[in-house]
Amino acid sequence: MQKEAGGELYSSTPHSLRIVVDAVAGPHQEDYRTRHSYNPNLKSTDNARLEMYARGRHAIGLWHTHPERSPRPSGQDKKTTEEYLRAFGNDRDRYLSIIIGNRGDLLEIAVWSAEKNGDWLSWNEFHGQVQDQIP
């Protein structure tokens, strides 16, 4: 049985129009993980965030797995991402959510961007091909 996992996304250029994810953190050994849920250990997450910041990396989003073939953010996923975006105040215009669908032979990756104006944009990868989508 595969357990769900997740963590944070980091970039050395968080204010760039073209964000590059150049570091990730998680999962941490202390995280709570089951087949259908993932809850990060806050102390481990904070420690990783401080370590990344010391290396010039800034949090720009979250990543996690979903037990489905074609991943889509749940209501809780959207709520969590929007809460992170609000917590940054005027320091961020967007916050990313990468969801990895881990059911099936091939992993499928969906990248969602919560925008300051309330929009949710997505870029999905299907069999190695990126397809732009706006829900």
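FYI, it's all coordinate maths here, none of it is from the lab. The shown structure was predicted, so the numbers you read here are calculated from the model rather than taken from an experiment. Cβ sites come from the backbone with ideal geometry, for glycine too, and all protein chains shown count toward neighbours.
Here are the numbers for the structure shown:
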quantity	calculated
Footprinting exposure proxy for 21, 111 (fewest neighbouring C-beta atoms within 10 Å first)	21, 111
Contour excess over end-to-end distance, with Cα ends at residue 74 and residue 30 and 0.36 nm allotted per residue	13.5 nm
Cα point-scatterer Debye curve for the range 23-69, base-10 log of I(q)/I(0) at q = 0.30 Å⁻¹	-1.19
Loop trypsin sites (Lys or Arg not before Pro), the range 1-98, which have at most 16 other Cβ atoms in a 10 Å radius of their Cβ (DSSP)	3, 18, 35, 55, 69
Rounded FRET efficiency, nearest 0.05, which uses the C-beta distance separating residue 3 from residue 107 and R0 of 22 Å	0.90
Antiparallel content of DSSP bridges confined to the chain, in %, to 5	85
Using a Förster distance of 41 Å, the FRET efficiency for residue 43-residue 12 (Cβ separation, nearest 0.05)	0.95
Those aspartates and glutamates that a straight Cα-Cα span of less than 12 Å connects to residue 78, excepting residues fewer than 8 apart in one chain	115, 119
Computed [θ] at 222 nm, deg cm²/dmol, the chain (DSSP H ≥ 4; -39,500 (n - 2.57); rounded to nearest 500)	-6000 deg cm²/dmol
Cα-Cα separations in the chain greater than 24 Å, expressed as whole percent	27
